[in-house]
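Trainee: So that we are looking at the same thing, I have put the structure below in structure tokens.
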Number of protein chains: 2
Amino acid sequence: MPIEIPEVVIDRLPLYYRLLSRLESEGRAVVSSQELGAELGVTPAQIRKDLSYFGRFGKQGRGYSVHRLAAELRQILGLDQRWRVAVIGIGRLGRAIASYPGFEGQGFDIIWLYDASPTLIGSEIEGREVRDISQLEGDLRADPVDIGIVAVPGEVAQDVVDTLVDAHVGAILNYTPNRVQAPPEVELRHINPVLFLQSMTYHLKRVRGV
Amino acid sequence: MPIEIPEVVIDRLPLYYRLLSRLESEGRAVVSSQELGAELGVTPAQIRKDLSYFGRFGKQGRGYSVHRLAAELRQILGLDQRWRVAVIGIGRLGRAIASYPGFEGQGFDIIWLYDASPTLIGSEIEGREVRDISQLEGDLRADPVDIGIVAVPGEVAQDVVDTLVDAHVGAILNYTPNRVQAPPEVELRHINPVLFLQSMTYHLKRVRGV
DNA sequence: AAGTGTGAACAAGTTCACAGCC
DNA sequence: GGCTGTGAACTTGTTCACACTT
């Protein structure tokens, strides 16, 4: 805890947590950095160093208590609490997001859905009403959420992000292909599958003989 | 071209390309690394250095020809050709993927859809038939694709990946929360929004007073 | 005057290797 | 004997700063 923790380390923690969570449910008591690394494709030294930023959770000669380490990571990542989420944009992608059980299962409660389309507004998705996007700002002011997931058409992504920022959302996950801006105190991630495909074709081209 | 090009550089190229593509369609003739950087939140030096791995595309005192640089990146990334894609798993997410116009628009042709559910097999999505997943292996052998997009339930992700690898798919985009393995000659990327949310809550926790 | 291309300086991130503990 | 925790060595990636070109 003394010095600044590298961002890459934070990004790997959820990966470790996911595996530990699985091992925990399989009733596994103890695990070594060796085993964790083999399963995740990461060196054991990397795992030990990453964890050492947060404390000394292992026992020499034994390894890590799965239960203990999972609990520590839960605490570090804030997964011992529930987080309130709004999904903005209920097209095909937004609907897939709103229906995905993996969010609720991991402590993320999707409490509000918004769209601009009159045919969608008022309808129900997984028992939640789709609300008019024009009410987003007022709703969030009355009853804030922690995280906004943006799945609107790209052209309006920045507008939605601005509204979320004004309403003091702390984190934004942008599924839109457009890159958006937010002040540094707001956590922002982009999910753009096309960029992944395009970096993969670079390699494909080379493997498949230019 | 002389030495090995860092992986991070390849990952940034599509980002640059996307912006250049937009500038090109706006009729912009010339752009500086300064401007590109400001738009993308990257330092100008970074952009110049990244591009310098591939050639000398700029003109001192002027900047880069938008048209020329876009064409170069297209060539480098292999976006001057079309790529054949199969989507495996046509649940809500798979359907969103199969219907997303952003893939076709960028040179990725989704030519085959597969699912295991009898109610889906034989149905049509955007004019493409959903085929039985048991035919995947044979189909790919007869008529290969370059890229597989996996959107099946997590438990069967590795099986599907193994089939794709056997059928000599060159790249796999895994939308499943399960981490899968593939030999190093196959390009593999994971899209897992839950991991993003979990690293964001780490920061949220700290900003929102522990 | 403006802006690239790039070696050299610097910063960040990873792996090594081993002392120390179980 | 086995495995953690961690400085130190190394590797990778980023930024600086300036010579050079238009």
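Trainee: Counting other Cβ atoms within 10 Å of each Cβ, which GluC sites (Glu not before Pro) in the stretch A:1-95 have at most 15 and sit in a DSSP loop?
Mentor: A:Glu4, A:Glu26
Trainee: Could you list the GluC sites (Glu not before Pro) in the stretch B:113-210 that lie in coil according to DSSP, counting only those with at most 12 other Cβ atoms within 10 Å of their Cβ?
Mentor: B:Glu126, B:Glu185
Trainee: Sort shortest first the distances from A:Glu4 to its counterpart in every other copy, using label points 7 Å along the Cα-to-beta-carbon line, and give them in nm.
Mentor: 2.8
Trainee: Here is a further query. Under Stokes-Einstein, with the Kirkwood radius over Cα pairs standing in for Rh, what whole-number D in µm²/s applies to the stretch B:7-77 at 4 °C and 1.567 mPa s?
Mentor: 109 µm²/s
Trainee: What lysines could a cross-link reach from A:Lys49, if we take a straight Cα to Cα line under 21 Å and drop same-chain neighbours fewer than 8 places away?
Mentor: Partners found: A:Lys59.
Trainee: A further question follows. For chain B, which span is the longest to avoid every loop-located (per DSSP) member of trypsin sites (Lys or Arg not before Pro) having at most 15 other Cβ atoms inside 10 Å?
Mentor: The longest uninterrupted stretch comes out as B:83-207.
Trainee: What is the percent of Cα-Cα separations in the stretch A:57-210 that go past 26 Å?
Mentor: So the pairs more than 26 Å apart make up 39 percent of the total in the stretch A:57-210.
Trainee: Taking a cut-off of 42 Å, what percent of all Cα-Cα pairs in the protein assembly as shown are separated by more than that?
Mentor: The calculated P(r) of the protein assembly as shown puts 15 percent of pairs beyond 42 Å.
Trainee: Related question: What average number of partner chain Cβ atoms lie no more than 10 Å from the Cβ of the residues making up A:185-193?
Mentor: Across the residues of A:185-193, the mean count of other-chain Cβ atoms within 10 Å is 5.
Trainee: What residue in chain B has the Cβ closest to the axis turning B into A, and how close is it in whole Å?
Mentor: Value returned for chain B: B:Ala96, 2.
Trainee: Right, here's the next one. For a quick size check, give me the Cα extents of the stretch B:136-210 along its three principal axes, largest first, whole Å.
Mentor: 59, 22, 16
Trainee: At 222 nm, what helix-only mean residue ellipticity would the protein assembly as shown give, in deg cm²/dmol to the nearest 500, using -39500 (n - 2.57) for each DSSP H run of four or more?
Mentor: -13000 deg cm²/dmol
Trainee: Could you work out how far the C-alpha centroid of the stretch B:145-176 sits from that of the stretch A:49-77, in angstrom?
Mentor: 33 Å
Trainee: If I model a spin label as a point 7 Å beyond the Cα along the Cα-Cβ vector, how far apart are those points for B:Glu104 and B:Gln34 in nm?
Mentor: 4.2 nm
Trainee: Sticking with this structure for a sec: In the protein assembly as shown, if the dipole is taken from +1 on Lys/Arg beta carbons and -1 on Asp/Glu beta carbons about the Cα centre, which of B:Val150, A:Pro153, B:Leu204 is farthest to the positive end?
Mentor: The residue sitting farthest along the positive end of the dipole is B:Leu204.
Trainee: Placing unit charges on C-beta atoms (Lys and Arg positive, Asp and Glu negative, everything else neutral), compute the dipole magnitude of the stretch B:43-114 about its Cα centre in debye, rounded to 20.
Mentor: Here the stretch B:43-114 has a charge dipole of around 280 debye.
Trainee: A follow-up question, please. I'd like the distance separating the alpha-carbon centroids of the stretch A:17-47 and the stretch A:101-134, in whole Å.
Mentor: Cα centres, the stretch A:17-47 to the stretch A:101-134: 35 Å.
Trainee: Would you mind listing the distances between the A:Pro144 label point and the same position in each other copy? Use 7 Å along Cα-to-C-beta, nm, one decimal, shortest first.
Mentor: Result for A:Pro144, in nm, nearest copy first: 5.4.
Trainee: Give me the one-decimal nm value for the distance between modelled label points at B:Arg141 and B:Asp162, 7 Å along each residue's Cα-to-Cβ direction.
Mentor: About 1.6 nm separates the two model spin labels.
Trainee: Using θ = phi - 60° and the Karplus form 6.51 cos²θ - 1.76 cosθ + 1.60, what ³J(HN,Hα) does each residue of the stretch A:54-61 get, whole Hz, x for Gly and Pro?
Mentor: Using θ = phi - 60°, the values come out as 10, x, 10, 9, x, 10, 4, x Hz.
We did not get these values from a lab; they are worked out from the coordinates using the rules stated. Treat the numbers as computed from the prediction; the structure is a model and nothing was measured. Here the Cβ is made from the backbone with ideal geometry for all residues, glycine too, and neighbour counts use every protein chain on show.
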